[in-house]
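This report concerns only the one structure given below.
The values are calculated or read from the model by the stated rules, or taken from the named source; none is laboratory data. Worth saying up front: this structure is predicted, and the values here are computed from it rather than measured. Neighbour counts are summed over all protein chains in view; Cβ atoms, including those assigned to glycine, are modelled from backbone coordinates with ideal geometry. Ligands, DNA and RNA are stripped out before the accessible areas are found, and what is left, the full protein with its side chains, is counted by its heavy atoms. Shrake-Rupley method; radii C 1.70, N 1.55, O 1.52, S 1.80 Å.
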Amino acid sequence: ARAQIPFVFDPDVARGSELDAMTRDIVLRVPAGVDVIATGEKVSERSDGTSTVSTWTIDHPLSRDLGMYVFAGKLGLQPIPGRAIPTTFVFPTPQLPVDDRLMSWSSGVLDFVEKVGGGPLPFQRSMTLVRLPANVGDPGTATFGMTLLSDTYARAGDLMHEETWAHENSHLFWGIVVPETSSDESRLMSEGLAVLSELDYTWSHHFASMDR
């Protein structure tokens with residue numbers, strides 16, 4: 001919620017300058033045994049047996065159009081293998097077959113995003129990938145060091161679901177690393193290039209033997 005997380009808003013220039021250069025450190029305290037994740041890179045976590053304190057950082061400019069998320073409770077947390085940077089897949093328990101599919105796609109999707117971007121994503125401490133349940137009502141997005149996607153997209157079948165997962169994760173580059181200064185004027189630099197990236201991903205992983 002923006003009432004709880006620092007966020008700059010200028011009512012006189014509501015959409016004239018959407019790139020917020022402010023950095024943020026988010027410190028969260030929860031009862032011991034409660035899982036918590038937040039937008040940003042995870043810097044530290046400590047527990048005294050009664051409570052757990054974690055610190056998350058956003059140390060680059062962030063578009064004002066992007067959401068900031070905190071999830072706490074009993075969360076499913078699984079590491080994504082094959083990633084140099086610790087990458088965690090987060091899901092509402094219990095674990096479902098859709099979670100296994102998303103995890104199996106994630107390393108290949110992120111490798112492809114980095115190939116398109118010409119190098120590693122700049123999140124050096126951690127990355128978080130989140131499967132949102134349909135009843136949350138949020139279709140998904142990408143924000144700083146975090147990708148989120150509603151499980152409603154699974155209804156389209158595995159191929160389209162995987163392609164949508166590639167689309168959303170490509171926004172870690174097209175939209176986060178390369179931010180929009182104004183969504184009205186530079187939509188091509190985020191949504192347009194994310195669409196091209198998802199199509200390139202699907203072709204290279206499933207139809208590379210076919211003439212494009």
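If a residue has to be in contact with a strand residue (DSSP E or B) (Cβ under 7 Å, 6 or more places away or on another chain) and without any contact (Cβ under 8 Å) to a residue 24 or more places away in the chain to count, how many in segment 90-123 make the cut? The qualifying residues number 2. Considering each residue of segment 79-97 in turn, none proves to be hydrophobic (A, V, I, L, M, F, W, C), assigned to a helix (DSSP H, G or I) and either touching a helix residue (DSSP H, G or I) at 6+ places or on another chain (Cβ under 9 Å) or open to solvent by 30 Å² or more (accessible area, probe 1.4 Å) (or both). Taken together, Thr128, Thr152, Thr143 contain a single residue that is touching a Pro at 6+ places or on another chain (Cβ under 8 Å) and either in contact (Cβ under 8 Å) with a residue 40 or more places away in the chain or of a type in the set (S, T, N, Q) (or both), which is Thr152.
In segment 44-54 there is no residue matching the filter, namely being open to solvent by less than 70 Å² (accessible area, probe 1.4 Å), under 15 Å from Phe123 (Cα atoms) and touching an Asp or Glu at 6+ places or on another chain (Cβ under 9 Å).
Among residues that are assigned to a helix (DSSP H, G or I) and under 19 Å from the mean Cα position of the chain (by Cα), Thr202 is not included.
Per the listing Pro31, Pro97, Pro79, the residue uniquely out of contact with any Lys or Arg (no Cβ under 7 Å at 6 or more places or on another chain) and either polar (S, T, N, Q) or under 18 Å from Thr147 (Cα atoms) (or both) is Pro79. Residues in segment 154-180 that are assigned to a strand (DSSP E or B) and farther than 15 Å from Thr141 by Cβ: Val178 only.
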